[in-house]
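Below is one structure, written out as structure tokens, with a few remarks after it.
The values are calculated or read from the model by the stated rules, or taken from the named source; none is laboratory data. Computed from a predicted structure; not experimentally measured. Using ideal geometry, Cβ is built from the backbone for each residue, glycine included, and neighbour counts are taken over all protein chains shown. In case anyone asks, the SASA skips ligands and DNA or RNA and just uses the protein heavy atoms, side chains included. Shrake-Rupley method; radii C 1.70, N 1.55, O 1.52, S 1.80 Å.
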Amino acid sequence: MLRSQGYSLQSNRKTVEGKQHPDRDAQFQHIAKRVRAFQRASQPAISVDTKKKEPLGNLRNKGKTYCLKGNPTSVKTHDFPDRKLGKAVPYGVYDLVNNEAGVSVGVSHDTAEFAVTAIHRWWTRMGKKRYPSAKRLLITADCGGSNSPRTRLWRWELQRLANKTGLAIEVCHYPPGTSKWNKIEHRLFCHITRNWQGVPLEDITIVINLIGSTRTEEGLEVHAWLDCGQYEKSRKVADAQLSTVRIRRDTFHGDWNYHILPSR
């Protein structure tokens, strides 16, 4: 009866955006403007974020991969996490100019300390060689998670990074609810997911090798490193520590756009 009246079985479609911030487009334009300015000055501009945590073990991984006909890879029937193996936590740093990325794969918690450590590792192993005369660093990031501008630890760790590298760090955050427009999502993470589809992520070595072997026809190059550090959740930053952060907020949405300057 339903089919005769024009009905059919259909899945849900994500089309309702919900409430949007009135300065959403203006912030997008501001980020694009700052990235272009850094590119013209041959200064590094990066996009950062944490990819979805992946449970390790002989578990089903979505997608398909080539196997001999009639001989698919056998995995566990239930996807219960293995506490001994834990999870892989990939934090990506994507170079917006050179189409290359460094991914730190952690085995602990996704904290601001872990995020800034990943940025520092990228700078030490890749960025410093690519930009030997760099004086500034632009970071574009989401408004939530380990790189949230509301997190004290994020600002404190950025100050430590600025002091170690001597770089003046400029940060631009995407408005809330717009993380899918972050460049790293569709220039890096989607390709990593495609590269390991259908392959069980049995251990951390497999994860690192699959991330590091990700390539595209457009020339994307990815490097992956293991981070064995143990990062404490809910780590507190005292008022006295926060007062030493040399932060300079922009006149346009200083909550999203600000500079962290090295200590004198």
Right, Leu158: of a type in the set (A, V, I, L, M), on the phi < 0 side of the Ramachandran plot and under 16 Å from the mean Cα position of the chain (by Cα) or not?
-> yes
All but one of (1) open to solvent by 60 Å² or more (accessible area, probe 1.4 Å); (2) within 15 Å of the chain's Cα centre (by Cα) hold for Leu188; which doesn't?
-> (1)
Restricting the stretch 227-258 to residues that are touching a strand residue (DSSP E or B) at 6+ places or on another chain (Cβ under 6 Å) and touching a residue at least 60 places away in the same chain (Cβ under 8 Å), which is most open to solvent (accessible area, probe 1.4 Å)?
-> Ile247
Which one is farthest from His173 (Cα to Cα) among residues in the stretch 36-45 that are open to solvent by less than 50 Å² (accessible area, probe 1.4 Å) and not in a helix (DSSP H, G or I)?
-> Ala41
Using beta carbons and a limit of 6 Å, which pairs, at least six apart or on different chains, have the first residue in the stretch 165-189 and under 22 Å from Phe252 (Cα atoms) and the second one open to solvent by 60 Å² or more (accessible area, probe 1.4 Å) and at pLDDT below 95?
-> Pro175/His21
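Please go through the stretch 115-127 and give me each residue that is surrounded by fewer than 22 Cβ atoms within 10 Å (Cβ to Cβ), in contact (Cβ under 8 Å) with a residue 60 or more places away in the chain and touching a Ser or Thr at 6+ places or on another chain (Cβ under 8 Å), ordered by number.
Within the stretch 115-127, the first condition is being surrounded by fewer than 22 Cβ atoms within 10 Å (Cβ to Cβ), and the residues that meet it are 117, 120-121, 124-126.
This time we only want the ones that are in contact (Cβ under 8 Å) with a residue 60 or more places away in the chain, so: 117, 121, 125-126.
Matches in the stretch 115-127: Thr117, Arg121.
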Meets criteria (among the β-branched types (Val, Ile, Thr) and open to solvent by 50 Å² or more (accessible area, probe 1.4 Å)) for Val89 = no
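Sort through Lys33, Lys19 and tell me the only one that's at pLDDT below 90, within 21 Å of Asn182 (Cα to Cα) and surrounded by fewer than 14 Cβ atoms within 10 Å (Cβ to Cβ). Outline the logic, then answer.
On the way: Lys33 fails: at pLDDT below 90.
Within the list Lys33, Lys19, the selection yields Lys19.
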Which of the residues spanning the stretch 186-209 are at pLDDT 95 or above and touching a helix residue (DSSP H, G or I) at 6+ places or on another chain (Cβ under 7 Å)?
-> Ile192
Is it the case that some residue within the stretch 93-111 is surrounded by fewer than 23 Cβ atoms within 10 Å (Cβ to Cβ), assigned to a helix (DSSP H, G or I) and at pLDDT 95 or above?
-> no
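Going through the stretch 128-158 one residue at a time, which ones are within 20 Å of Arg246 (Cβ to Cβ), among the small types (Gly, Ala, Ser) and buried (at least 19 other Cβ atoms within 10 Å of the Cβ)?
Taking the stretch 128-158 first, the residues within 20 Å of Arg246 (Cβ to Cβ) are 134-139, 141, 147-158.
With among the small types (Gly, Ala, Ser) added as a condition, the list becomes 134, 141, 148.
Across the stretch 128-158, the qualifying residues are Ala134, Ala141.
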